[in-house]
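Each remark here refers to the structure printed beneath this line.
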Amino acid sequence: MTLSHSSTGSVHGRPSGARRQSRAGLAFVAAYVILLIAFGILPTGYAVYFAFTDAGGTFTGFGNFITTAQDFRFMDAVGHVALYLLFWLVSLVVFVVSLALLLHRLASGTLSRSLRFFFYVPGALAGAASVLVWLFMLDPTVSPVSSLLGLLGFHTFGEVIAPGNLPLLFTVIAFWTGAGGWIVVIYGALNNIPSDVMEAARIDGAGAWQTAWHVQIPMLRKWIVYMVILAFAGGAQLFVEPQLLSLASVGVAGRDYALNQLTYDFAFQMNNVNGAAAVSVELLVVSVSAAAVFVARSGFFDAD
Amino acid sequence: MSPAPRQASGRRRPRRLVPRLLTGSVLLVFLVFFVLPVLWLVLAATKTDQQLVHGSPLSFGSWHAFKHNWDGLTAFQDNAVLQWLGNSTLYAVISLVITLCVAVPAGYGLAMTEFRGRHTLLVSTLVVMLMPTATLVVPLFLEINAAHLIGTMWSIILPYSFYPFGVYLTYIYFTTAVPKDLLAAARMDGCSEFGVFRYIALPLATPVIALVGFFSFVANWTNYFLPYVMLPESDQMPIQVGVGSLLSNVPSFNPAVGPLAIERPQLALATLLAITPVLIVFLFAQRFLVSGMLAGATKE
Amino acid sequence: MTVNKPSPSPKRTLGKKRAALLAGCAATVSLALTACGGGGTGGTTTKDGFAQAPQKDGALTVWVDATRMDAAKLYQQLHPEAKLDIVSYDGDANGSNYLQTKVQLFNRTGKGWPDVVFSSQNNEASWAVDAGFAAPLNKGLVPGSTLGQFSKGANDVCTVNGTVYCLRNDLSQAVLWYNAPLLKRFGYSVPATWEEYQQLGEKVAKEHPGYLVGDAGDSFTPEIYLWASKCGANHITGPKAVSVNTTSEACTKMAKLLDVLIKNKSMSISGVFSTDFGKNQADKVLLMPGPAWYGGAVFRDTLKVPAKQIAAAPIPQWQGDSAPSTGNVGGGTWLLSQHSTHIKAATDFLKWVTTDNAYQGEKAPGFPAYAPAAEAWLKGQAASGYFASDLSALTTASSQVWPEWGSGQFSQEAIWAATVKPGLTQGKSIVSMLPAWQDSIVKYAKSNGYKVSQ
């Protein structure tokens, strides 16, 4: 990629700043726009088209939405996802922000750096790679934490994966893999808070709590909003964790648990791509609505 | 790195013991939570299948068993595991380069310039990012087919290269960490828009470039479903799909496998191989995730 | 990417750019949309009961799982002139639906199908026929004389409305495995009826607590016990029709038997592949009803039982039953693609891999579905010296699989695992869960488009 940095506006009659910027802005995003259309908008548009048509391509209105909602697993899955979402969002926001703030206060740079690394390590273990890990962690007969599981009253794998425990288990698994990455992001954002701002807070006599609450967290607003939007969408699209547990337990727990698992089932087991698209569109609408609320309330799009 | 050392230690209020203990124990609990399963995995690769079930969970097996696991793993389809690692590296690195060339300028453009369609672009990026992937597979497959790219590595690399998450990271970074005054000053000095980007913004963006690069690499490296569906030949498989196919050869997960079954410690070893590159890249990227070089240069 | 500037009129460039963008976008859309029209198939000829694509030379694409990789390689070795492209995949294990997913995509793009596929599932015909993928095999491709030598009922799972759409690789008929020296030491004899089996279980619980006469913790429990008991939970009566009745006498008496033995702990509910079983119960197996592949996969490889201990007897039958009947747990199938352009080569491969002694008789890990190969296979097992008895019980059982339990598109194993297993863990009895099991089967069947009669 070559960016010609020769003479610009200064030689020719300089275009007004706004117009010059507008042209440059488009050039900056041009390559991205091509990829966005090809691998974002086009497939998404196609999926939406699927959602409103049948296998033959005839327009069916909300037919696919109605038939999929009538599937006997649908309402259960909605309930499961809603409960999981609650656990997941709260734990993610509270723990990630607190851990990032704590790490940021550590006096030793080496210690903070190593901890961030260790917190991140599980992030590399995606999907199939962590099935084995969780099978052994959650099975009291072989688990390194079997005494802890015993204290909680679990003596067999079957008891651990009882239906009532699932939302919590999925939250733990998702947090284990996902939190480290966000801690790195939020920590980086904390680093970008100008030191004079922090200095000012200190001179004003603000303690750690006040600084965090009144200075740092407000300045992290955009990052936190971004995290919440993506975490909400990720949570609503819960898939990997139940799938993983279902593999580990050979189908006892986690199968057909979440809406997104149903979309896979519709699309690839029942040969009903249109039904799958309908559920996907519903999930999209929910995620986008949640995002819209957060965006509107936080001035997320303002180029300030 | 961390701003703490910059504080004049003499003027610091004496920290109370209790909060320090609290901080320490919270960090310790989370350290155990994050690390213990990984530690178990590392040790599992040094055990025999029997030791894994009968031995103490956090004990070291033996180098002999480790060697046996390594031999067993590499014997699976004539060294397939090394080929999977090679494939993954190829896909992840090429996409990473394209992603950086595309996402960083795009994030900058969205954050620091005004143009028609900017808002639409921000919204549509967010919307496609929130779309569940299950139903995108069919359209993507059809598109790649229409472009006659099925069976080539581009069927994986091009979709990977589209990385809206990175665009947003860059966008937020520039809007929050780089003051517009600085760029305006450069423009006044006669810098072109690209000059401003190349000579002012880009050097300031090292942390976010490292961040985007790292996350893009991880996303590409760990992606399972796209290559699983897209690639027609088994010798094109990346490591994630490979680990998946090893998993389906472990009797506990798929009882009906034959005598060539993969033992659980071998799967553990394969998993370790699969995550090592990500961790190396993390350590490398972390060196660049240093505090904003701007801190204090200009105030908003 | 090179960006040149400045251009004389920014506004016009912008317009042009946008127009170009829109045009490009529109072109891509229309390209993508026409793509799903499918490949126009010109010049097909109807032969062997289906429309065949024009035949060409070229490599035969064969999809196999890691275990069947050996078969494909052996074929290549014995037929150096054959051009093979061997692709390894997960064999559709654990309901991955890989084959179905890919066939759906290939059906949309009109190309890419493999010529011959191995699947570790035996319900592929339930969708592969509708998808226009599986080729009919008994309409000319495979001679009736060959088909006739498969074990009785072996290809039932491949048969839709009388047409055979796949060939069975191996059978998984259930027999009664037992530890011969241990049984002798305890002074017991092998039970011939389920009544005797239950009595023995009660005796073991009293006299040798901790020892096991079976396991009911795996997802294939219904296939081992309830199928053998002729429980009509899964009677596939037509291509998209199933009859479900889990509360008949046949079901409840077996469920009661299991409940008694589970309660007195002579029957495990861990599952033979669980770590719990491996750690605490591996050396406690006295008897174990289970499919043919338990011999190698469970006793020899997983539980590491030493040689000369494990033997096989016929599965018990209910007192007063005229004919013995047994269940079946899995067993793979081979499919041939209708779209193949190398049908001759594909058929040759298919026939070889399912019937030839070089693979099925000597190398195959499972009990061959093709009866002559099964004989050779049994000789090989006897020669290996692992088992304490001959395995003739397997041969007898191979033709005694009760035919009224089918292979629908929905997975009975998954339904049992999700519906009954959690209750078992909580201490509920199987009898009390039979209605819930029925309810769940009915729901899954309906949701897969089956007509259900109860």
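The values are calculated or read from the model by the stated rules, or taken from the named source; none is laboratory data. Model, not experiment: these values are computed from the prediction. Methodologically, a virtual Cβ is constructed for each residue, glycine included, from the backbone with ideal geometry; neighbour enumeration extends over all protein chains shown.
Here are the numbers:
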{"item": "Selected residue (criterion: surrounded by the fewest Cβ atoms within 10 Å (Cβ to Cβ)) from residues of the stretch A:266-277 that are within 9 Å of chain C (Cβ to nearest Cβ) and under 27 Å from A:Ala129 (Cβ atoms)", "result": "A:Gln269"}
{"item": "From A:Ser249, A:Ser280, residue being crowded, with 24+ Cβ neighbours inside 10 Å, closer than 25 Å to A:Thr68 by Cα and of a type outside the set (A, V, I, L, M)", "result": "A:Ser280"}
{"item": "When residues of the stretch C:248-295 are limited to those that are polar (S, T, N, Q) and surrounded by fewer than 23 Cβ atoms within 10 Å (Cβ to Cβ), the one farthest from C:Gln426 (Cα to Cα)", "result": "C:Ser248"}
{"item": "Residue check for A:Val281: touching a helix residue (DSSP H, G or I) at 6+ places or on another chain (Cβ under 9 Å) and away from chain C (no Cβ under 14 Å)", "result": "yes"}
{"item": "Check on C:Ala382, aliphatic (A, V, I, L, M), away from chain A (no Cβ under 14 Å) and surrounded by fewer than 20 Cβ atoms within 10 Å (Cβ to Cβ)", "result": "yes"}
{"item": "Candidates B:Phe253, B:Phe288, B:Phe284, filtered to the one that is at pLDDT below 90 and touching a Ser or Thr at 6+ places or on another chain (Cβ under 6 Å)", "result": "B:Phe288"}
{"item": "Neighbours by Cβ (under 6 Å, 6+ apart or cross-chain): first from the stretch C:308-322, closer than 12 Å to C:Gly295 by Cβ and assigned by TED's automatic domain parsing to the domain that holds C:Val298; second modelled with pLDDT under 95 and of a type in the set (S, T, N, Q)", "result": "C:Ala311/C:Ser389"}
{"item": "Odd one out for C:Leu182 among (1) assigned to a loop (DSSP other than H, G, I, E, B); (2) assigned by TED's automatic domain parsing to the domain that holds C:Lys284", "result": "(1)"}
{"item": "Hits in the stretch C:187-221 (condition: in a loop (DSSP other than H, G, I, E, B), in contact with a Lys or Arg (Cβ under 8 Å, 6 or more places away or on another chain) and either modelled with pLDDT of 95 or more or more than 18 Å from C:Ile430 (Cα to Cα) (or both))", "result": "C:Tyr188, C:Pro209, C:Gly210, C:Tyr211"}
{"item": "Single match in C:Gly332, C:Gly361 (criterion: at pLDDT below 95 and buried (at least 23 other Cβ atoms within 10 Å of the Cβ))", "result": "C:Gly332"}
{"item": "Residue satisfying all of: in the stretch A:81-117; touching a helix residue (DSSP H, G or I) at 6+ places or on another chain (Cβ under 9 Å) and of a type in the set (Ser, Thr, Tyr); surrounded by the fewest Cβ atoms within 10 Å (Cβ to Cβ) among these", "result": "A:Ser108"}
{"item": "Test for A:Ile193: is it among the β-branched types (Val, Ile, Thr) and within 20 Å of B:Ile172 (Cα to Cα)", "result": "yes"}
{"item": "Near pairs, Cβ below 7 angstrom, 6+ apart or cross-chain, from the stretch A:233-251 (within 8 Å of another protein chain (Cβ to nearest Cβ) and closer than 18 Å to B:Leu247 by Cα) to any residue that is of a type in the set (A, V, I, L, M) and not in a loop (DSSP other than H, G, I, E, B)", "result": "A:Leu247/A:Val131; A:Ala248/A:Val131; A:Ala248/A:Leu135; A:Val250/C:Ala417; A:Gly251/C:Ala414; A:Gly251/C:Ala417; A:Gly251/C:Ala418"}
{"item": "Segments classed as helices (runs of 4 or more DSSP H), wholly inside the stretch A:134-213, with at least 2 members that are more than 10 Å from every other protein chain (Cβ to nearest Cβ) and buried (at least 21 other Cβ atoms within 10 Å of the Cβ)", "result": "A:166-191"}
{"item": "Candidate set: the stretch B:172-201, residues that are more than 9 Å from chain A (Cβ to nearest Cβ) and touching a Phe, Trp or Tyr at 6+ places or on another chain (Cβ under 8 Å); chosen: the one surrounded by the most Cβ atoms within 10 Å (Cβ to Cβ)", "result": "B:Ala201"}
{"item": "Residue check for B:Thr152: at the interface with chain A (Cβ under 8 Å from one of its Cβ atoms), β-branched (Val, Ile, Thr) and within 25 Å of the chain's Cα centre (by Cα)", "result": "no"}
{"item": "Pick from the stretch B:41-55, criterion assigned to a helix (DSSP H, G or I) and away from chain C (no Cβ under 13 Å), ranking: surrounded by the fewest Cβ atoms within 10 Å (Cβ to Cβ)", "result": "B:Val42"}
{"item": "Filter pass, C:Lys47 being surrounded by fewer than 18 Cβ atoms within 10 Å (Cβ to Cβ), modelled with pLDDT under 90 and of a type in the set (Lys, Arg)", "result": "yes"}
{"item": "Some residue of the stretch C:71-78 being closer than 22 Å to C:Ala128 by Cβ and in the same structural domain as C:Thr341 (by TED's automatic domain parsing)", "result": "yes"}
{"item": "Selection status of B:Ala106, more than 28 Å from A:Val281 (Cβ to Cβ), within 7 Å of chain A (Cβ to nearest Cβ), among the hydrophobic types (A, V, I, L, M, F, W, C) and crowded, with 24+ Cβ neighbours inside 10 Å", "result": "no"}
{"item": "Test: residue in the stretch B:127-137 that is at pLDDT 90 or above, in a helix (DSSP H, G or I) and among the polar types (S, T, N, Q)", "result": "no"}
{"item": "Residue within the stretch C:421-438 that is not in a helix (DSSP H, G or I) and not polar (S, T, N, Q) present", "result": "yes"}
{"item": "Single match in C:Ala417, C:Ala445 (criterion: within 14 Å of another protein chain (Cβ to nearest Cβ), in contact with a Lys or Arg (Cβ under 8 Å, 6 or more places away or on another chain) and surrounded by 19 or more Cβ atoms within 10 Å (Cβ to Cβ))", "result": "C:Ala417"}
{"item": "Only listed residue being over 23 Å from B:Val281 (Cβ atoms) and part of a helix (DSSP H, G or I), chosen from B:Tyr199, B:Tyr228, B:Tyr168, B:Tyr160", "result": "B:Tyr199"}
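Condition check ((1) of a type outside the set (S, T, N, Q); (2) surrounded by 19 or more Cβ atoms within 10 Å (Cβ to Cβ); (3) more than 27 Å from C:Trp293 (Cα to Cα)) across all residues:
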residue: C:Leu141; (1), (2), (3): yes, yes, yes
residue: C:Phe150; (1), (2), (3): yes, yes, no
residue: C:Thr163; (1), (2), (3): no, no, yes
residue: C:Asp170; (1), (2), (3): yes, yes, no
residue: C:Ala174; (1), (2), (3): yes, yes, no
residue: C:Phe186; (1), (2), (3): yes, no, no
residue: C:Gln198; (1), (2), (3): no, yes, no
residue: C:His208; (1), (2), (3): yes, no, yes
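Yes/no matrix, rows are residues, columns are (1) assigned by TED's automatic domain parsing to the domain that holds C:Leu182; (2) part of a helix (DSSP H, G or I); (3) without any contact (Cβ under 8 Å) to a residue 24 or more places away in the chain; (4) β-branched (Val, Ile, Thr):
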position: C:Ser229; (1), (2), (3), (4): yes, no, no, no
position: C:Gly232; (1), (2), (3), (4): yes, no, no, no
position: C:Val242; (1), (2), (3), (4): yes, no, no, yes
position: C:Thr252; (1), (2), (3), (4): yes, yes, no, yes
position: C:Lys256; (1), (2), (3), (4): yes, yes, no, no
position: C:Ile262; (1), (2), (3), (4): yes, yes, no, yes
position: C:Val272; (1), (2), (3), (4): yes, no, no, yes
